[in-house]
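Colleague: Attaching a single structure in structure tokens format; questions to follow.
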Amino acid sequence: MRPLELLAVDGNGHYPRVVYRQEGLALIHGDARDMRELPAESVDLIITDPPFNVSFSDYGGGVKDSLSPEEYGRWTGEWLRECVRVLRDGGQLYALMPLKWLAYWLPQVPERWHLLAWCKTMAHLHREKTYLRAWEPILWVVKGERPNVLRRSYRFQDDKDWFIGTSAMAEAEAVRLKKRHPTPRPDWLYEYFMVRASEPGMVVLDPMMGSGTGAYVARKLGR
């Protein structure tokens, strides 16, 4: 793995906001709109799941999850621009995004963007008589002309192709009960993008890490 020398130090050689570090891993307590510890073009891949502005009250740390659409759009643009700054040329960003606020997100994206559709079963969350939203958009940004790594297909240990599957809600519900996190995501979703869009030893960043799924999967895969 690459060492953590990419993290900037102050005049005394201190890492003022790094709250935990070991070889190949650093946890930084800070604001995703100001990732000053990370120099420009120092990250190969970003995977993140930001707050969706749906009035969750238990994120902690003074995070306000009930902004006006305009405020939420501006906030989104600030952290997206900082993410693009730290990405290397050819680096990629994958961000789960709220369908409700799509129109406020997309004008803020500073690079060419694409939308992926994560198809999943959510029927048990919707008991009213209405059409069910069984997919979730994922923003995909490539910095520059083309991605450095993007496998068309690959095999996992069980020798079966992986893809963005049809149902992850049962797994997410089990994680929610066990981890006590308001918006968990399954490990395999992070693993899918890390294996497809990076190589072992590359630098992966999750600027809004939540309960730590991104860090766990990155360590597991040697990123």
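Colleague: For the residue pair Glu71 and Arg85, what label-to-label distance in nm results when each label sits 7 Å from Cα along the Cα-to-beta-carbon direction?
Modeller: Here the modelled spin labels are 2.3 nm apart.
Colleague: What's the extension gain from Leu99 to Glu41 if we count 0.36 nm per residue and subtract their Cα-Cα distance?
Modeller: On the way: separation 58, 0.36 × 58 = 20.88 nm, distance 2.92 nm.
Stretched out fully, the Leu99 to Glu41 stretch lengthens by 18.0 nm.
Each value in this text was obtained by applying a stated rule to the coordinates, not by laboratory testing. For clarity, every value in this text was computed on a predicted model and none was experimentally measured. Glycine gets a Cβ as well: all are built from the backbone with ideal geometry, and neighbour counts include every protein chain shown.
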